[in-house]
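First up is the structure itself, then whatever we jot down about it.
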Amino acid sequence: MSQVVLQHLAVLEVQLKQSQLWQAEPVDEQALASVQPFCCDTLRFEQWLQFVFIPKIRAMIEMGVPLPTNIAIAPMCDVAFAQHPDQQVLFKCLSEIDTLISSGA
């Protein structure tokens, strides 16, 4: 399963770049220290995906740590990218990751 998750994360990264939602510069360390869901008080959703979610899931896989058994990131996509022209593609990508990780397949 871990290789499939890594492949889906790579697809998400490509899609974020194609959608011009990928940031070249790192975010401030203080912004990453937020305790709010999705770091909503310090980061935009795409920044959270890039600087928190993708690296964290990759690190968990590399360390052999079990992945969460129930995640739901796609609904946040509806809110964060509601006006973005690639919203549906991003939602589909995140839905697939949600399903894959939550099913433990």
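Report, by residue number, each residue of region 73-105 that is loosely packed, with under 12 Cβ neighbours inside 10 Å and either touching a helix residue (DSSP H, G or I) at 6+ places or on another chain (Cβ under 6 Å) or not hydrophobic (A, V, I, L, M, F, W, C) (or both).
Taking region 73-105 as the starting set, the residues that turn out to be loosely packed, with under 12 Cβ neighbours inside 10 Å are 79, 82-83, 85, 103-105.
Scanning region 73-105 gives Gln83, Pro85, Ser103, Gly104.
If Gln18 satisfies all but one of (1) without any contact (Cβ under 8 Å) to a residue 60 or more places away in the chain; (2) open to solvent by 30 Å² or more (accessible area, probe 1.4 Å); (3) within 23 Å of Pro85 (Cβ to Cβ), what's the number of the condition it fails?
(1)
One residue is enough: does region 64-71 have a residue meeting the conditions open to solvent by 50 Å² or more (accessible area, probe 1.4 Å), farther than 16 Å from Val4 by Cα and modelled with pLDDT of 95 or more? Talk me through it step by step, then tell me what you get.
Let us first name the residues in region 64-71 that are open to solvent by 50 Å² or more (accessible area, probe 1.4 Å), namely 64-66, 69-70.
Subset that is farther than 16 Å from Val4 by Cα: 70.
Those still in the list that are modelled with pLDDT of 95 or more too: none.
Taking every residue of region 64-71 in turn, none turns out to be open to solvent by 50 Å² or more (accessible area, probe 1.4 Å), farther than 16 Å from Val4 by Cα and modelled with pLDDT of 95 or more.
Find the residue count for region 58-92, including only residues that are charged (D, E, K, R), in contact (Cβ under 8 Å) with a residue 40 or more places away in the chain and part of a helix (DSSP H, G or I).
Here the count works out to 1.
Could you tell me which residue of region 50-63 is least open to solvent (accessible area, probe 1.4 Å), considering only residues that are over 18 Å from Val4 (Cα atoms) and not aromatic (Phe, Trp, Tyr)?
From region 50-63, those over 18 Å from Val4 (Cα atoms) are 50-52; that's our starting set.
Remaining after also requiring not aromatic (Phe, Trp, Tyr): 50, 52.
On the way: Gln50: 16, Val52: 35 Å².
Checked region 50-63; the qualifying residue least open to solvent (accessible area, probe 1.4 Å) is Gln50.
Those residues that are of a type in the set (Gly, Ala, Ser) and open to solvent by 40 Å² or more (accessible area, probe 1.4 Å), I need them from region 21-48; list them, please. Full working, then the answer.
Let us first name the residues in region 21-48 that are of a type in the set (Gly, Ala, Ser), namely 24, 31, 33-34.
Ala24, Ala33 - these are the residues of region 21-48 that are of a type in the set (Gly, Ala, Ser) and open to solvent by 40 Å² or more (accessible area, probe 1.4 Å).
Identify the single condition in (1) closer than 17 Å to Leu9 by Cβ; (2) free of Cβ contacts under 8 Å to residues at least 40 places away in the same chain that Glu96 does not satisfy, given that it satisfies every other one.
It is condition (2) that Glu96 fails.
Filter region 1-40 for residues that are of a type in the set (D, E, K, R) and assigned to a helix (DSSP H, G or I); which is farthest from the chain's Cα centre (by Cα)?
Here is the first cut: in region 1-40, the residues of a type in the set (D, E, K, R) are 13, 17, 25, 28-29.
Next cut, assigned to a helix (DSSP H, G or I) only: 13, 17, 29.
Working: Glu13: 9, Lys17: 13, Glu29: 18 Å.
Filtering region 1-40 for residues that are of a type in the set (D, E, K, R) and assigned to a helix (DSSP H, G or I), the one farthest from the chain's Cα centre (by Cα) comes out as Glu29.
The values are calculated or read from the model by the stated rules, or taken from the named source; none is laboratory data. Keep in mind the model is a prediction, meaning the values are calculated, not measured. When we count neighbours, we look across all protein chains shown, and the Cβ atoms used for this are built from the backbone with ideal geometry, even at glycine. Please note that ligands, DNA and RNA were not included when accessible areas were found on the heavy atoms of the full protein model with its side chains. Shrake-Rupley method; radii C 1.70, N 1.55, O 1.52, S 1.80 Å.
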